[in-house]
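Colleague: Take this structure, written in structure tokens, and hold onto it; I'll ask about it next.
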């Protein structure tokens, strides 16, 4: 006897499955003797029992999974995805609101200062140097907001909330990345205007490499050093990067020539990887490191 | 609703701060008592998912809180021992910030925050900067943020530390009001706070629970071990140095009434008296500070009296 073709009949409700099976076996019936009828009925009963048992096992497994993690097992529907995205966006927007405009203002001041320098300096080296200075300054401007949770001792409270300290750190990174992207774009445009031979992409590269190096170094310093000294160390790192850029302009001005763009591209790529690693370590620390729980209360009561 | 601590251990550089602790908490107020370094804060941080246990697990209604993640934290309210805030935040900013972290809708959060600030007596200071607040006001703000999301589990780490008696009573009443149908875990050094509001007491020592039960049952474990005797001032000083002295009351006639927690009568003629939770605390932690903190304090008072700081002994 051939088995019932499940694929042909598709997924049917349990009542209809029995009807379909009955019809199928009725059509297959060779003779109308009692013995063969009994055999057909027995086969149908067996098939239905097997299908029910199979379904029960599947349902039980689903229930068990749901019991263990009701939220995660639910299949993500389109509306659930939309809701998750809108919740995340609203949380990031809330962080941006609470962070205030300090980072934006500091960054605007840094870009304005570099624009002033551009108006007096001339040549590829000077132009490249100013882009480097702007990149380093933009990175340092965002650090107080990035380290605020830890400096102000609010990490412990944040970790105990639905949106934990890692979410807060990630949201702040996203907000600062947006503001820094605007700042770097402004630097690239001004650089292209000041040194039309080089163009915006080269100015962007000159700003981006020191930006990433500064971000990575500042995060590394702020992660390893406690209290207000972390900010001092991070600012010192920013100054060191700026000094390095000045040294290159003074001793090896050729580095800022268009021919050396690939060097900047390689440096930017390596620095971006370093910054990415530091950002990941920062998020991991925000989530679980006991070190992040200690803070100097005199910093907030000053 | 049930919160189970299952063989919970937390080590810092191989030194255990909490060691193999197990308990099951159901709705009610649990007072966590213990000396400094007993592991109370570490335990509370693990309950709040702030620190991950080195071994063991915490389960809420059978589900591991590490796996529940944000789902568990959404049901949690926490007031840390020493909490920070952003210096330029007003009380309302702080509340709204915490409401955003707890996933509350912005409009609903505004109403809830205003209502809670009113409840804790800070409505008039909603627009004042948090850094201008006194210790008591900060603690009241702390309890308000802890209950923004109407949590099922409320964890308060030394909430009454540094408060004057009036603020403490006010704070205790606030906690009692907020603790209906919740699991409230409250740690403190101030024994009377626990005595007044806790349904159950957990006593921690060296990272372990050494006593657990209803206040009267726990206190009865030292029944027959608390003594009062009338001795000379010199003998009172000697007792303070050698025994676990709970209290010394110097009389104007040169004598002193000394209350001692000890397995046997400290001097002939000492009478056994009804123990209190404070006696139990001092008896349990008598080894932690030599002859006991109270004894040392009594000696301190004695020295001060001798030097005439309080007018000397008459």
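Colleague: What is the mean number of Cβ atoms from other protein chains located within 10 Å of the Cβ atom of each residue in peptide A:160-172, rounded to a whole number? Show your work: numbers first, answer last.
Modeller: Numbers: counts 17, 18, 14, 7, 6, 2, 0, 2, 3, 0, 0, 0, 0.
Counting Cβ atoms of other protein chains within 10 Å of each residue's Cβ and averaging gives 5.
Colleague: Over the range B:1-120, what is the relative contact order in percent, taking alpha-carbon pairs closer than 8 angstrom and at least six residues apart? Please report the intermediate quantities before stating the final value.
Modeller: Numbers: 132 pairs, mean separation 26.6, N = 120.
Over the range B:1-120, the number comes to 22 percent.
Colleague: For the range B:153-203 and the range A:184-234, compute the distance between their C-alpha centroids and round to whole Å.
Modeller: So the separation of the two Cα centres works out to 50 Å.
Colleague: Compute the distance in nm between two label points, each set 7 Å from the Cα along the Cα-to-Cβ direction, one at residue B:22 and one at residue A:178.
Modeller: 5.0
Colleague: Tell me, what is the percent relative contact order of the range B:197-253, built from C-alpha pairs under 8 Å that lie six or more residues apart?
Modeller: On the way: 29 pairs, mean separation 10.9, N = 57.
Computed over the range B:197-253, the figure is 19 percent.
Colleague: Using a 10 Å cut-off on Cβ atoms, rank the peptides B:37-45, B:262-270, B:236-244 from the highest mean neighbour count down.
Modeller: Working: B:37-45: 24.0, B:262-270: 13.4, B:236-244: 20.7.
The packing order, highest mean first, is B:37-45, B:236-244, B:262-270.
Colleague: I've got another one for you. Beyond 14 Å, what percent of the Cα pairs of the range B:158-199 remain?
Modeller: Tail of the P(r) past 14 Å holds 41 percent of the pairs.
Colleague: Averaged over its residues, how many other protein chain Cβ atoms are within 10 Å of peptide A:93-99's Cβ atoms? Please list the in-between numbers first.
Modeller: On the way: counts 2, 7, 3, 0, 5, 8, 1.
Partner-chain Cβ atoms within 10 Å, mean over residues of A:93-99: 4.
Colleague: Next question. Hey, what angle do you get for helix B:293-306 against the long axis of chain B, alpha-carbon based, 0 to 90 degrees rounded to 10?
Modeller: Approximately 60 degrees, to the nearest 10.
Colleague: While we're looking at this one, here's another question. How far is helix B:233-242 tilted off the main Cα axis of chain B, in degrees rounded to 10, range 0 to 90?
Modeller: Taking the Cα atoms of chain B, the angle to B:233-242 is about 50 degrees.
Colleague: Listed highest first by mean packing, meaning other Cβ atoms within 10 Å per residue, what order do A:79-85, A:234-240 come in?
Modeller: Descending packing order for the listed peptides: A:234-240, A:79-85.
Colleague: Work out the FRET efficiency for residue A:113 and residue A:232 from their Cβ-Cβ distance, taking R0 = 25 Å, and round it to the nearest 0.05.
Modeller: On the way: r = 21 Å, r/R0 = 0.83.
Calculated transfer efficiency: 0.75.
Colleague: Could you grab the relative contact order for chain B? Cα pairs under 8 Å, six or more apart, rounded to a whole percent.
Modeller: 18
Colleague: Which whole-angstrom value gives the distance between the alpha carbon centres of the range A:85-160 and the range B:241-282?
Modeller: Using only Cα atoms, the two centres lie 64 Å from each other.
Colleague: If you don't mind, another one. Ignore the peptide's own chain and count Cβ atoms of other chains within 10 Å of each Cβ in B:97-107; give me the average, rounded.
Modeller: Across B:97-107, the average partner-chain Cβ count within 10 Å equals 5.
Colleague: Let me ask something else about it. In degrees between 0 and 90, to the nearest 10, how far off the longest principal axis of chain B does helix B:91-101 point, with axes built from Cα atoms?
Modeller: Taking the Cα atoms of chain B, the angle to B:91-101 is about 70 degrees.
Colleague: Arranged from highest to lowest average of other beta-carbon atoms within 10 Å per residue, in what order do the peptides B:223-232, B:141-150 appear? Numbers along the way, then the final one.
Modeller: On the way: B:223-232: 17.3, B:141-150: 22.3.
Going from most to least packed, we get B:141-150, B:223-232.
Values in this text are rule-based calculations from the coordinates and carry no lab data. Not measured: the values here are computed from a predicted model. Neighbour counts run over all protein chains shown; Cβ positions are idealised from the backbone, glycine included.
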